[in-house]
Amino acid sequence: MRILVIEDERELARHICSALTRSGHLPSAIHDGAAGLQAALNDPPDLIVLDLGLPSLNGFGVLEKLRQMQSPARVIILTARGDVENRIKGLNAGADDYLAKPFAMDELLARVEALGRRSSISAAEDVLKVADLHLDVHRRKVWRGNTVIALSPRELELLHVLMQEPGRVFSRTELSERVWQRDHAYDTRTVEIFIVRLRKKIDAGFDQALIHTVRSVGYTIKAA
């Protein structure tokens, strides 16, 4: 994958790029937020490793502009280990995953590989449908009625899991394991954040809500 590392700590950026290169990726590094944003828009990478504390334009500003411009790049944000508020803010702003500093390089590589993989799609699948919501699993396109819906890679993966089994209730833990390959209790909050994001895109403005919460159990997608 072509990966853009936007990180102002030059030594850390160098180590990240070296590890990514050894793993077969094509990384480049930029140490300034505004310059990184411009590079990402001019020549969109497959994935961006994005620090939050950047000069000229912080990571939240970069992420907001990327999503406003409907950049297809997947984004992993780098945050302080104890800064839960910024992790949640970053996910709400459109990040696909996060990694807390200081981090093990092997974990970053695992996160990169997980985001680089397409959803597990059966050859027999073509278009999944729930009511007037459609997911073309091969082209990775989503629309409801006549409205095309732009989703981030993680949002699409979460929707794909739900739509494979309409009416089935998935626990937060199972969704965390299947979509993020994480089983930590904390990460169930990440699932909640992404469900909110999906609802805003899938259900807002439509007469019928498709994504439902089953209290104390989890989430399901189904027609009324």
Open item on the list: For the range 185-193, check the following and say yes or no: at least one residue is buried (at least 17 other Cβ atoms within 10 Å of the Cβ), outside the structural domain of Pro72 (by TED's automatic domain parsing), aliphatic (A, V, I, L, M) and in contact with a strand residue (DSSP E or B) (Cβ under 7 Å, 6 or more places away or on another chain).
Closed with: no
Task: the range 61-103, residues that are touching a residue at least 60 places away in the same chain (Cβ under 8 Å) and polar (S, T, N, Q) - done: Gln70, Asn92
Open item on the list: So, in the range 154-169, exactly how many residues are under 12 Å from Val191 (Cβ atoms) and touching a Leu at 6+ places or on another chain (Cβ under 7 Å)?
Closed with: 3
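Inside the range 42-56, can you point out the residues that are over 18 Å from the mean Cα position of the chain (by Cα) and farther than 19 Å from Tyr98 by Cα?
Within the range 42-56, Asn42, Asp43, Pro55, Ser56 qualify.
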TODO: State whether the residues of the range 164-175 include one that is at pLDDT below 90 and touching a Ser or Thr at 6+ places or on another chain (Cβ under 7 Å).
DONE: yes
Task: Failed criterion for Leu63 (all others in (1) assigned to a helix (DSSP H, G or I); (2) exposed (fewer than 15 other Cβ atoms within 10 Å of the Cβ); (3) not β-branched (Val, Ile, Thr) hold) - done: (2)
Open item on the list: Looking for something buried (at least 18 other Cβ atoms within 10 Å of the Cβ) and within 21 Å of Lys201 (Cβ to Cβ) - is there at least one such residue anywhere in the range 29-37?
Closed with: no
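Working only within the range 75-89, note down all residues that are at pLDDT below 90 and either under 12 Å from the mean Cα position of the chain (by Cα) or not in a strand (DSSP E or B) (or both).
Keep residues of the range 75-89 that are at pLDDT below 90, which gives 79-89.
If the condition is that a residue be at pLDDT below 90 and either under 12 Å from the mean Cα position of the chain (by Cα) or not in a strand (DSSP E or B) (or both), then Arg81, Gly82, Asp83, Val84, Glu85, Asn86, Arg87, Ile88, Lys89 are the ones that fit.
Quick check on the range 164-172. Is at least one of its residues within 22 Å of Arg67 (Cβ to Cβ) and surrounded by 16 or more Cβ atoms within 10 Å (Cβ to Cβ)?
no
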- [ ] Pull up the range 90-126, narrow it to residues that are within 13 Å of the chain's Cα centre (by Cα) and more than 23 Å from Cys17 (Cα to Cα), then point me to the one that is modelled with the lowest pLDDT.
- [x] Ser119
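Out of the residues in the range 7-51 that are in contact (Cβ under 8 Å) with a residue 40 or more places away in the chain and touching an Asp or Glu at 6+ places or on another chain (Cβ under 6 Å), which is nearest to Ser152 (Cα to Cα)?
Taking the candidates together, the pick is Asp51.
Taking the residues in the range 200-218 that are of a type in the set (D, E, K, R) and in a loop (DSSP other than H, G, I, E, B) as candidates, determine which candidate is farthest from the chain's Cα centre (by Cα).
Of the residues in the range 200-218, the ones of a type in the set (D, E, K, R) are 200-201, 203, 207, 215.
Next, from what is left, pick out any that are in a loop (DSSP other than H, G, I, E, B): 203, 207, 215.
Numbers: Asp203: 19, Asp207: 27, Arg215: 25 Å.
Taking the candidates together, the pick is Asp207.
The values are calculated or read from the model by the stated rules, or taken from the named source; none is laboratory data. Owing to the predicted nature of the structure, the values given are computational and were not obtained by experimental measurement. FYI the Cβ positions are ideal-geometry reconstructions off the backbone, even for glycines, and counts take in every protein chain you see.
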